[in-house]
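Trainee: Below is a structure I'd like to ask you about.
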Amino acid sequence: MDISVIILSFNEEIHIARCLTALKALETRQIFVIDCFSQDRTAEIAGTHHADVVRHAWPGAQSAQFNWALENLPIKSEWVLRLDADEYLTPELIEEIKTKVPTLPEDVTGVCLPLERTFLGKRVSRGVGKITIMRLFRFGHACYPARIMDERLALTGGRAVAFDHAFVDDNLNGFDWWQKKHLAYAEREARAMLAEQYGLAEACATKAFYSKLPPFLRCFIYWGYRYFLRLGFLDGLAGWRWHFWQGLWYRLLVDRKILGIRKTCGFNRERIAEYVRVK
């Protein structure tokens, strides 16, 4: 396949072999692992799977790291596939890519892939609807807009189509790691929501309605919508864990961070805007 794969990594020794092993069946032209100076065996393992390991310091955002890769890697393929180290392609998706990509018309420059999520080792499929994310694109036709959170590839020309089969997000680090990661995410998301509110960043369309709801109350509304109306409870204990921690606890944490930023800035609009911009 005339595809290059770019994988961002940092201390991913428990994931990287799984990700790269799944890619073998796709027979890609190049595989680049952009490693932020991991302190474990990530680079070593990637090398044994014939990936090109390129070390680059973390610039502060996923979008900036990936855009750096697009601008600096010796990419020779027509298409680029972007993956995280804790993600992998299903055999069904690999076959779909092999079959469909060579036949896509020239004006199709991006491909959106369904996401299959697991949480603490259990698949979670209900509550948030079908999620598709652009991860495959013609080289030179997509990049990441500068955003604090919710980084999504954007096409610079052409149009996107959607494939039927999924890639899988399955992190093996456990709950303590997940919770620590989301504590950091909450600060970033709080800043992102304030930036959108004060016109410092383009508003995320999927969260526009949510942002207008009363803080703290909206977290419970969102959780109830996901867990009951969107049938999240049908995923059993896995569904309860996912929707409670990601749909309620995390959203409450974000609202607490927003309130903290407002208090720090004395509820002054200009100071809040400056805080968000500088941080």
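Trainee: Please pick out the residue among 128, 161, 111 that is touching a residue at least 40 places away in the same chain (Cβ under 8 Å), of a type outside the set (Asp, Glu), in contact with a Lys or Arg (Cβ under 9 Å, 6 or more places away or on another chain) and part of a loop (DSSP other than H, G, I, E, B).
Mentor: Criteria check complete, one pass: 128.
Trainee: Which members of region 228-246 meet the condition of being over 16 Å from residue 118 (Cβ atoms) and crowded, with 16+ Cβ neighbours inside 10 Å?
Mentor: 230
Trainee: Answer yes or no: is there a residue in region 188-200 that is of a type in the set (Ser, Thr, Tyr), outside any helix (DSSP H, G or I) and surrounded by 13 or more Cβ atoms within 10 Å (Cβ to Cβ).
Mentor: Looking for residues that are of a type in the set (Ser, Thr, Tyr), outside any helix (DSSP H, G or I) and surrounded by 13 or more Cβ atoms within 10 Å (Cβ to Cβ), one finds at least one in region 188-200, hence yes.
Trainee: Please enumerate the residues belonging to region 1-21 that are surrounded by fewer than 20 Cβ atoms within 10 Å (Cβ to Cβ), assigned to a helix (DSSP H, G or I) and under 19 Å from the mean Cα position of the chain (by Cα).
Mentor: Passing the criteria: only 18.
Trainee: Then there's this: Might you let me know whether region 31-44 holds any residue that is of a type in the set (S, T, N, Q) and surrounded by 14 or more Cβ atoms within 10 Å (Cβ to Cβ)?
Mentor: yes
Trainee: Then there's this: Can you tell me which residues in region 22-63 are in a helix (DSSP H, G or I) and at pLDDT 95 or above?
Mentor: Once the filter is applied, which keeps residues that are in a helix (DSSP H, G or I) and at pLDDT 95 or above, region 22-63 yields 22, 23, 24, 25, 26, 42, 43, 44, 45, 46, 47, 48.
Trainee: Here are some residues: 255, 176. Which one is acidic (Asp, Glu) and farther than 30 Å from residue 90 by Cβ?
Mentor: Result: 255 is the single residue among 255, 176 that is acidic (Asp, Glu) and farther than 30 Å from residue 90 by Cβ.
Trainee: Does residue 185 fit the bill of being out of contact with any helix residue (DSSP H, G or I) (no Cβ under 7 Å at 6 or more places or on another chain), of a type in the set (Phe, Trp, Tyr), in contact (Cβ under 8 Å) with a residue 24 or more places away in the chain and in a helix (DSSP H, G or I)?
Mentor: Judged against the criteria, residue 185 is a match.
Trainee: Related question: Looking at (1) farther than 20 Å from residue 63 by Cβ; (2) under 18 Å from the mean Cα position of the chain (by Cα), which is the only condition residue 226 fails?
Mentor: The failed condition is (2).
Trainee: Scanning region 92-128 for residues that are out of contact with any helix residue (DSSP H, G or I) (no Cβ under 9 Å at 6 or more places or on another chain) and of a type in the set (Ser, Thr, Tyr), which turns out surrounded by the fewest Cβ atoms within 10 Å (Cβ to Cβ)?
Mentor: 103
Trainee: Which residues, taken from region 198-238, are at pLDDT below 85 and over 18 Å from residue 252 (Cβ atoms)?
Mentor: 198, 199, 200, 201, 202, 203, 204, 205, 206, 208
The values are calculated or read from the model by the stated rules, or taken from the named source; none is laboratory data. Just so you know, these numbers come straight off a predicted model, no measurement behind them. Virtual Cβ from ideal backbone geometry, glycine too; neighbours counted across all protein chains shown.
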